[in-house]
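Participant: Before we start, here is the structure in question, set down as structure tokens.
Just so you know, all these numbers are worked out from the coordinates, no wet-lab data involved. Because the structure is predicted, anything quoted here is derived from the model rather than measured. Here the Cβ positions follow ideal geometry from the backbone for every residue, glycine too, while neighbour counts run over all protein chains shown.
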Amino acid sequence: MIGIFDTGLGGLSVWRALATALPNRTMLYLADQARAPYGPRQLSAVRALTLGCLAWLIEQGCRTVVLACNTATAAAADEARALWPHISVVGIEPAVKPAAQATRTGVIGVLATQATFESPRYMSLTRRYAAEVRVLPRACPHWVALVEDGPGQRADTSALVDAEIEPLLDAGADQIVLGCTHFPLLMPWIEAAVVRWRTLRGVDRAIQVLDPAPAVARQAARVEQLGASVLAGDQFWTTGDPRRFAIRAAEALGDDWKFGQCRLLPLSALSPADL
């Protein structure tokens, strides 16, 4: 069984890619919405919360766990692998390397949380793979809440997306890296922002938006331990409001994906306690 952890709905972009790549594997999804967002927290706090959630997934029988959160990966992936050497831990990180390889303008934009940008993992990533290009990091403090609230339910979604995309394109970026798993769920608005920018500026530059979820799914498929899959259906748990999660998940995934029940996981079932 594959465990997927995120602070909220963002990991559904990874779950969707995994469900496509591994249709016969059962997945257990945990969203720590009660203690989200993780982005503004200190990395030490994110590490403690993440390890507690991973411990619960492992206790349920998951032998592959996916950190479907860039902030959690930056804070806790290495520690998780050291703590549970018998478990396959798959992290996620901004697609800086492929963006740096693909850019024609020499400028790439990275959209992520502030905690991701401040992490040693991200800094190492840019030093190794993007030393020869200009990297424009842009924290998007409103985007995670936008996805959690339901972007289709808010009148300011397009304006909030445009405000983050336009400065990157104006600066010459032709590769836009989505460094948070919540952000691919805004893809229709991101693509519309690019079209509006091209029209308003009269620029016909090719622009690529990089979603890391397919690459994470491929890695999970490689490391997932083979064996009998428990075909009882995927399970979804949240430390927040299960009904709200189910409604927002159905909206985010659209008609092509049927979303059913979500269950409540009390914080008392997790260790450590809230920080």
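Participant: Where does each of 92-102, 10-20 land if you order them by average Cβ count within 10 Å, highest first?
Facilitator: Sorting 92-102, 10-20 by mean packing, highest first, produces 10-20, 92-102.
Participant: Also: How far, in degrees from 0 to 90, does helix 70-83 lean away from the longest principal axis of the Cα atoms of the chain, to the nearest 10?
Facilitator: It works out to around 40 degrees.
Participant: Pairs of Cα atoms under 8 Å, at least six residues apart: use those to get the relative contact order of the range 182-264, whole percent. Before the final figure, lay out the partial values.
Facilitator: Details: 36 pairs, mean separation 19.9, N = 83.
Reported relative contact order: 24 percent.
Participant: So what are the ³J(HN,Hα) numbers for the range 52-61, from phi and the Karplus equation (6.51, -1.76, 1.60; θ = phi - 60°), rounded to whole Hz, Gly and Pro as x?
Facilitator: x, 5, 5, 4, 5, 4, 5, 5, 7, x
Participant: What does the extension gain come out to for Arg198 and Arg128, with contour length at 0.36 nm per residue minus their alpha carbon separation?
Facilitator: Between Arg198 and Arg128, full extension yields an extra 22.0 nm.
Participant: Which values of log₁₀ I(q)/I(0), to two decimal places, follow from the Debye formula for the range 34-156 at q = 0.20 Å⁻¹ with a uniform point scatterer at every Cα?
Facilitator: At q = 0.20 Å⁻¹ the computed log10 ratios are -1.13.
Participant: Rounded to the nearest 20 debye, what is the charge dipole size of the range 96-210 about its Cα centre when +1 sits on each Lys and Arg Cβ and -1 on each Asp and Glu Cβ?
Facilitator: 460
Participant: Net charge around Ala130, counting only other residues with Cβ within less than 13 Å of its Cβ (Lys, Arg = +1; Asp, Glu = -1)?
Facilitator: +2
Participant: Now, a different point. Net charge within 15 Å of Ala72 by Cβ-Cβ distance, Lys/Arg positive one each and Asp/Glu negative one each, not counting Ala72 itself?
Facilitator: After counting each charged neighbour, the total is -1.
Participant: Provide the gained length on full extension for the span Lys258 to Ala206, in nm with one decimal, where the gain is 0.36 nm per separating residue minus the Cα-Cα distance. Walk me through the numbers before you get to the answer.
Facilitator: Details: separation 52, 0.36 × 52 = 18.72 nm, distance 3.39 nm.
Once the chain is fully extended between Lys258 and Ala206, it gains 15.3 nm.
Participant: Let me ask something else. Between helix 157-170 and the chain, what is the angle of the helix's C-alpha long axis to the longest principal axis, kept within 0 to 90° and rounded to the nearest 10?
Facilitator: On a 0 to 90 degree scale, this one is about 50.
Participant: Could you please state, rounded to a whole Å, how far the C-alpha centre of the range 15-65 is from the C-alpha centre of the range 100-131?
Facilitator: 24
Participant: Restricting to bridges with both residues inside the chain, how much of the DSSP beta-bridge set is antiparallel, in percent to the nearest 5?
Facilitator: Looking only at bridges with both residues in the chain, the antiparallel portion is about 0 percent.
Participant: Once the dipole of the range 111-249 is set up with Lys and Arg at +1 and Asp and Glu at -1 on Cβ about the Cα centre, which of Ala192, Cys180, Ile247 lies farthest towards its positive end?
Facilitator: So the residue furthest toward the plus end is Cys180.
Participant: Specify the angular offset, from 0 to 90 degrees and rounded to the nearest 10, of the alpha carbon long axis of helix 120-129 from the longest principal axis of the alpha carbons in the chain.
Facilitator: 50
Participant: Could you state the orientation-averaged shadow area of the convex hull built on the Cα atoms of the range 96-210, in nm² to one decimal? Working shown, then result.
Facilitator: Working: hull surface 26.7 nm².
Averaging across all directions leaves 6.7 nm² for the Cα convex hull.
Participant: Under the rule of -39500 (n - 2.57) per DSSP H run of 4 or more residues, summed and divided by the residues of the chain, what mean residue ellipticity at 222 nm is obtained, to the nearest 500 deg cm²/dmol?
Facilitator: Using -39500 (n - 2.57) per qualifying helix, the result is -13500 deg cm²/dmol.
Participant: Determine the dipole magnitude for the chain: charges of +1 sit on the beta-carbon of Lys and Arg, -1 on that of Asp and Glu, nothing else is charged, the reference point is the Cα centre, and the result goes in debye to the nearest 20.
Facilitator: The dipole magnitude comes to about 460 debye.
Participant: Another question, if that's okay. Could the peptides 250-256, 131-137, 215-221 be put in order, highest first, of the mean number of other beta-carbon atoms found within 10 Å of their residues?
Facilitator: Packing order, densest peptide first, comes out as 215-221, 131-137, 250-256.
Participant: Next up: Rank Gly152, Ile108, Val90 by how far each Cα sits towards the positive end of the charge dipole of the range 72-164 (+1 on Lys, Arg Cβ; -1 on Asp, Glu Cβ) and give me just the farthest.
Facilitator: Ile108
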